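Asker: I am attaching a structure below and will ask some questions about it afterwards.
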Amino acid sequence: MKGLCIIGMCLILFSTPVLAESKYISDNMKITLRTGPGNDRKIISMLGVGKKVEVLELGDEWTLVRLDNGKEGWVISRFLTDEIPSDIELKILKSKHEDLMADALKMKEENSLLKEENKKLNTEFTVITKKLQKTSKDYEALKKDSKEFLKLQSKFKESSSKLAEQTKKAEKFEDELTKLLWNQNIKWFLSGAGVLILGFIIGFSTKRQRRRSSLL
């Protein structure tokens, strides 16, 4: 009994992949999906070429299948094939080709956009490069002008210091010259005054002598 159970389980395990197998309707024709394995059974649906079905029970003449919509029924086994029919494969390839063409067109558009963006970026890069070069030249000129300015500022400070020193010396010299002129003026004044007094004394003495002479 145990042996039979084991054999039954093995048959179920090995038969499961077969039952889950997918097949396609072959030939350029439609076949009937019936309620049972026989031409006298009721027709459930008409299946066209390339229709994909799930095999539930594979038989020599009739096979139980399930459709995508969940309907189950029997079809003639010789009309089932493992290979995708050429018409369906052609449709699949055509669909893939259309998808590839759409992807290629999309990539072409994206490539065109990328080229435009790259062109724009190159233009902006050129403008920025020119601005950078101008900025570098202006910076170098500013550095040079700054050095010249610092030199001029240093010379100006030096000249200002010398000018202040010379101004102090000139003011000192002017003060000394003023004092000297003042002293000379006083001396000249005193000399002139002395001459006048001396002249007055001499004149006065001369008059007295004349008066005395006249009296004698």
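What follows is calculated from the coordinates using simple rules that are stated; it is not laboratory data. Treat the numbers as computed from the prediction; the structure is a model and nothing was measured. Quick reminder, even Gly has a Cβ in these numbers, built from the backbone with ideal geometry, and neighbours come from all protein chains shown.
Asker: Using only the alpha-carbon atoms of the range 119-216, report the extent along each of the three principal axes, biggest first, to the nearest angstrom.
Answerer: Per principal axis, max minus min of the Cα coordinates gives 139, 19, 9 Å.
Asker: Put a dot 7 Å past each Cα toward the Cβ at K94 and V127; how far apart are the dots in nm?
Answerer: For V127 paired with K94, the spin-label model returns 5.1 nm.
Asker: With 10 angstrom as the radius, rank Y139, Y24 by how many other C-beta atoms surround their C-beta, starting from the fewest.
Answerer: Y139, Y24
Asker: Pairs to check: K71/K91; K30/K96; K106/K130; K131/K151; K131/K155; K119/K143. Give those whose C-alpha atoms are more than 28 Å from each other in this structure.
Answerer: K106/K130; K131/K151; K131/K155; K119/K143
Asker: Take the Cβ-Cβ distance between S77 and L105 as r, set R0 to 41 Å, and report the resulting FRET efficiency rounded to the nearest 0.05.
Answerer: 0.35
Asker: So how far apart, in nm, are the two label points at I201 and E54 if each is 7 Å from Cα heading toward Cβ?
Answerer: If labels sit at I201 and E54, their model points lie 16.1 nm apart.
Asker: Multiply the residue separation of L180 and I84 by 0.36 nm, subtract the distance between their alpha-carbon atoms, and state the gained length in nm to one decimal.
Answerer: Net length gain for the segment: 21.1 nm.
Asker: Under the classification rounded if a/c is under 1.5, otherwise prolate if a/b is larger than b/c and oblate if not, where does the range 20-83 fall, given a ≥ b ≥ c as square roots of the Cα gyration tensor eigenvalues?
Answerer: rounded
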